[in-house]
Amino acid sequence: MRESFGDRLFGMANVLLLVVIGIITLFPLYYVFVVSFTEPSEYIEKYGFVLFPSKWSVGAYEYLLSTSAFIRATGVSAFLATVGTLLSLMITAAFSFGLSRKRLRGRKAMMIMVMFTILFNPGIIPVYLLVRDLGLINSVWALIVPVLTSGWYVILMKSFFDSIPVELEEAAMIDGCNDLSIFFRIILPLSVASLAAFGLFYAVAYWNTFFSAVLYINDFTKVPLQIVLRNMLIDSDTSVGGALAVEMASDKQLPTQTIKMAAVVVSTLPILMVYPFLQKHFTKGVMLGSVKG
């Protein structure tokens, strides 16, 4: 069937609109990337606005990666993203698997408690008091333990486990497997897609930890990367993150703006590198609980 002029015009306008939106979306990322690699002298000569640098330099990255405060904060964020994600996945998967088994005693009561946590948030003060009473103030575990799992993720993963045939579990029991063997040898291998999807969600959340660190961490040596980055970009005079700001201000060879942009690139790069490896599982994982024909 021949396409009408109106359909072609609509298609062209749609493509043009998407191109404009894409440019608007990608331009900030491009500008941050370009400025971080711009030669300091050229950046100063062009009054801080560079779109197509003629000279490229990695000086900002060399300086940034030689700064102990930034390296230490990156290590804290990496610890949160790896250890926190693994613990969260294990607890979420184990809890969801238990709730999906009808033979579990108290299953309905636990489901009600999970739903309660979704509908009602206790607020900042009760959570802070709990963290304080647990002795986690000024500990990186204060950024992991209170958010080890999410009621919403538990329900989504439970719906996936509900779709796994019970016959698999019964056959494994006949072969002599206990509940732990069934969980690790059968359930988890069948749940790679869901684990990859939720793992990406957890990793991004832990890597971007900010507000919890503001509440619970007073020791500058234990703050995550986002705290240091925030103080570099916005408030260079605060006590937390101020050490790196002072080092940057005392450096006469590199503009602080190029260092800030390099810090943004470094803090964003790990998640951008992880996502392509999980993309093949992501689409399937986010479809958990959908109706199957």
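For the subset of segment 83-110 comprising residues that are free of Cβ contacts under 8 Å to residues at least 24 places away in the same chain and in a helix (DSSP H, G or I), which member is farthest from Gly151 (Cα to Cα)?
Looking at residues that are free of Cβ contacts under 8 Å to residues at least 24 places away in the same chain and in a helix (DSSP H, G or I), I get Leu86.
Got a number for residues in segment 32-58 being at pLDDT 80 or above, closer than 12 Å to Gln257 by Cα and out of contact with any helix residue (DSSP H, G or I) (no Cβ under 8 Å at 6 or more places or on another chain)?
Of the residues in segment 32-58, 1 are at pLDDT 80 or above, closer than 12 Å to Gln257 by Cα and out of contact with any helix residue (DSSP H, G or I) (no Cβ under 8 Å at 6 or more places or on another chain).
Going by what's in this entry, would Val76 be described as modelled with pLDDT of 90 or more, open to solvent by less than 60 Å² (accessible area, probe 1.4 Å), among the β-branched types (Val, Ile, Thr) and in contact with a Leu (Cβ under 9 Å, 6 or more places away or on another chain)?
Spelling it out, Val76 is indeed modelled with pLDDT of 90 or more, open to solvent by less than 60 Å² (accessible area, probe 1.4 Å), among the β-branched types (Val, Ile, Thr) and in contact with a Leu (Cβ under 9 Å, 6 or more places away or on another chain).
For every residue, the table says whether it meets (1) modelled with pLDDT of 85 or more; (2) more than 26 Å from Thr92 (Cα to Cα); (3) assigned to a helix (DSSP H, G or I).
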site	(1), (2), (3)
Lys158	yes, no, yes
Glu167	no, no, yes
Thr209	yes, no, no
Ser236	no, yes, no
Ala245	no, yes, yes
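Which one is most open to solvent (accessible area, probe 1.4 Å) among residues in segment 18-71 that are small (Gly, Ala, Ser) and in contact (Cβ under 8 Å) with a residue 12 or more places away in the chain?
Here the answer is Ser54.
Hey, does segment 177-190 have a residue that's small (Gly, Ala, Ser) and assigned to a loop (DSSP other than H, G, I, E, B)?
Within segment 177-190, none of the residues are small (Gly, Ala, Ser) and assigned to a loop (DSSP other than H, G, I, E, B).
Is one or more of the residues making up segment 20-40 part of a helix (DSSP H, G or I), farther than 30 Å from Phe210 by Cβ and more than 21 Å from the chain's Cα centre (by Cα)?
yes
The values are calculated or read from the model by the stated rules, or taken from the named source; none is laboratory data. Source: prediction; values computed, not measured. Quick reminder, even Gly has a Cβ in these numbers, built from the backbone with ideal geometry, and neighbours come from all protein chains shown. Surface areas here come from the heavy atoms of the whole protein model, side chains and all, with no ligands, DNA or RNA. Shrake-Rupley method; radii C 1.70, N 1.55, O 1.52, S 1.80 Å.
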